[in-house]
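S.K.: Okay, here's the structure, questions in a sec.
The values are calculated or read from the model by the stated rules, or taken from the named source; none is laboratory data. Here the structure is a predicted model, which is why all the values come from computation and not from measurement. Here the Cβ is made from the backbone with ideal geometry for all residues, glycine too, and neighbour counts use every protein chain on show. To get the accessible areas, we keep the full protein, side chains included, count just its heavy atoms, and leave off ligands, DNA and RNA. Shrake-Rupley method; radii C 1.70, N 1.55, O 1.52, S 1.80 Å.
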Amino acid sequence: MKKIKNICCIGAGYVGGPTMAVIAQKCPEINVTVVDINEARIAAWNDENVENIPIYEPGLSAIVKEARGRNLFFSTEVDDAIDKADMIFISVNTPTKTYGMGKGMAADLKWIELCARQIARVSTTNKIIVEKSTLPVRTAEALKSILENTGNGVKFQILSNPEFLAEGTAVEDLLAPDRVLIGGDVDTKEGREAMQSLVDVYAHWVPKENILTTNVWSSELSKLTANAFLAQRVSSINAMSELCEKTGADVNEVARAIGMDSRIGSKFLKSSVGFGGSCFQKDILNLVYIAKSYGLNEVADYWEQVIIMNDHQKRRFAANIVSTLYNTVSGKKIAFLGWAFKKDTNDTRESAAIYVADYLLNEQAEVVVYDPKVKSEQIYGDLDYLGSRSPEENRRLLKVVNEPYDACKDSHAIAVLTEWDEFKSYDWKSIYDCMLKPAFVFDGRNLLDVKKLENIGYTVSSIGTPAVSKEEAVKEPALV
Ligand code: NAD
Ligand code: UGA
């Protein structure tokens, strides 16, 4: 059985970077080279000042500092790294297709296929190929077909090893994963040996009983299933949040009460302005597409509802700001605290903030954004990508500031879009004093202490808590 000495990872993004950093830290005898075609990204990973690495994750810079230059390397020399490696992780992006068949639903596997063709072209020795990217079930079949038709006699084993880390806690998740999942060709000796080689890498720090081996299709499908289940919980509690607002129930109390049922569990029950991130939506859409392609329309419709509910939650939050501000936000300054899709990351992909801002900009609001880790180019890039208005118009209507107090000064309302811890410790009295009155806070994360803010004088609207006092809540809903 092959002992792994050289690992190559194609894709130095949110998954490739942190995952390989941890493998390099925990396996000092293995050389790990992370390659990418994005030169700027690789240059940032190699920045002398380790605080400038391109991905913000608590604890990551210390690990990179320890391993970089020892057995962790970042490079744009893709061919070279592929050829030297015994094991190649493919960790490139698999976004939703924006063209052709499956547009808006299927995963775009263009980059995966390019990797496979490049590996096939340059490899001169046998290799284990590891699918680290999230892929539709049965992608390994396509990879195998590309790799096996090179005619140069090189042998490839394909494994599926989906990543379950969450951004913001990537290092914690990688150091102590609930499980590591490895799918492979369980029916052949070579397949089982390849799986064992990867088990041995993780066994440097993950207890053996937490390393699961399955057939390759189960592994691929488990990743989509895990994301669908997690996102489904958020949409489920968000659906309840709207009912809470109408009935006088408090979604935080409901979540606590149901979360204590050990069969339900307490995680992923936090009601919010809607889930974001690069994967939940893309993976569920992909699941819906796969189900439809097998003719399983009920299965597809079931999961699609998770997305429909999430879109509704984002729109509902924005619409509530407009209606509370006397049905118009035209020319009104609205401060956004947070732009990232969750705290402790600089990632903004599919962040609810983008869609809430877009809605308010359509209503001619003046939005001023402060986020502790997201740069202004990123924020404008996110808005420009939507294509709702010209880049000039986006820059005229939306401003980005480096100071939270600048964002809030002279504003009509503050909207909390990300649950950054620092927002809790602001001097909310001083902020109140420099806002227009009545001073409104829309807490999209149920982060702030509502009682405290109300005592200062704010009018607070949070998610899933009664919009009106309990007595006034609608007792008998109209049946329509
Ligand atoms: P990312 O966009 O941050 O990184 C992907 C990188 O791959 C980019 O830097 C890109 O330049 C590079 N790349 C693309 N094609 C290439 C090629 N042919 N050769 C070399 N480099 C190439 O994406 P990510 O967030 O790291 O996600 C990667 C995969 O992991 C996706 O399938 C995603 O669904 C999955 N995933 C992501 C997360 C997460 O938290 N972000 C968690 C689990 C799984
Ligand atoms: C998610 C999964 O949690 C990871 O296991 C998975 O590996 C990853 O997707 C992926 O495949 O990319 P991530 O998107 O990084 O991780 O972050 P989450 O913590 O899952 O949060 C996703 C979104 O849901 C965020 O916008 C978050 O604010 C929101 N959320 C989460 C809620 O609104 N309420 C909750 O209770 C939990």
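S.K.: From 198, 174, 181, grab the single residue that is in a helix (DSSP H, G or I), surrounded by 19 or more Cβ atoms within 10 Å (Cβ to Cβ) and within 16 Å of ligand 1 (Cβ to nearest atom).
M.R.: 174
S.K.: Please enumerate the residues belonging to the stretch 385-394 that are in a helix (DSSP H, G or I) and surrounded by 14 or more Cβ atoms within 10 Å (Cβ to Cβ).
M.R.: 394
S.K.: Quick one: residue 299 ticks every box in (1) in a loop (DSSP other than H, G, I, E, B); (2) open to solvent by 60 Å² or more (accessible area, probe 1.4 Å) bar one, so which box is it?
M.R.: (1)
S.K.: Right, next: When residues of the stretch 274-291 are filtered for being away from ligand 1 (no atom under 12 Å from the Cβ), within 12 Å of residue 96 (Cα to Cα) and not in a helix (DSSP H, G or I), how many remain?
M.R.: Residues flagged as away from ligand 1 (no atom under 12 Å from the Cβ), within 12 Å of residue 96 (Cα to Cα) and not in a helix (DSSP H, G or I) within the stretch 274-291 amount to 0.
Yes/no per residue for (1) touching a Cys at 6+ places or on another chain (Cβ under 8 Å); (2) acidic (Asp, Glu); (3) not in a helix (DSSP H, G or I):
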residue	(1), (2), (3)
7	no, no, yes
57	no, yes, yes
62	no, no, no
70	no, no, yes
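S.K.: Which ones in the stretch 251-273 are of a type outside the set (S, T, N, Q), open to solvent by 30 Å² or more (accessible area, probe 1.4 Å) and away from ligand 1 (no atom under 16 Å from the Cβ)? Spell out the reasoning first.
M.R.: Filtering the stretch 251-273 down to residues of a type outside the set (S, T, N, Q) leaves 251, 253-261, 263-265, 267-270, 273.
Right, trim to open to solvent by 30 Å² or more (accessible area, probe 1.4 Å) and you get 253-254, 256-258, 260-261, 263-264, 267-268, 270.
Across the stretch 251-273, the qualifying residues are 253, 254, 256, 257, 258, 260, 261, 263, 264, 267, 270.
S.K.: Regarding the stretch 137-154, can at least one residue be identified that is among the charged types (D, E, K, R) and surrounded by 14 or more Cβ atoms within 10 Å (Cβ to Cβ)? Write out each step before concluding.
M.R.: Going through the stretch 137-154, the residues among the charged types (D, E, K, R) turn out to be 138, 141, 144, 148.
Going one step further and asking which of them are surrounded by 14 or more Cβ atoms within 10 Å (Cβ to Cβ), we end up with 144.
Yes, because at least one residue in the stretch 137-154 is among the charged types (D, E, K, R) and surrounded by 14 or more Cβ atoms within 10 Å (Cβ to Cβ).
S.K.: Search the stretch 273-294 for residues that are over 20 Å from residue 352 (Cβ atoms) and pair each with any residue that is among the aromatic types (Phe, Trp, Tyr) when their beta-carbon atoms are under 6 Å apart and the residues are at least 6 apart or on different chains.
M.R.: What qualifies is 287/303; 288/303.
This table checks each residue for (1) surrounded by 15 or more Cβ atoms within 10 Å (Cβ to Cβ); (2) away from ligand 2 (no atom under 16 Å from the Cβ).
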| position | (1), (2) |
| --- | --- |
| 72 | yes, yes |
| 76 | yes, yes |
| 97 | yes, yes |
| 103 | no, yes |
| 107 | yes, no |
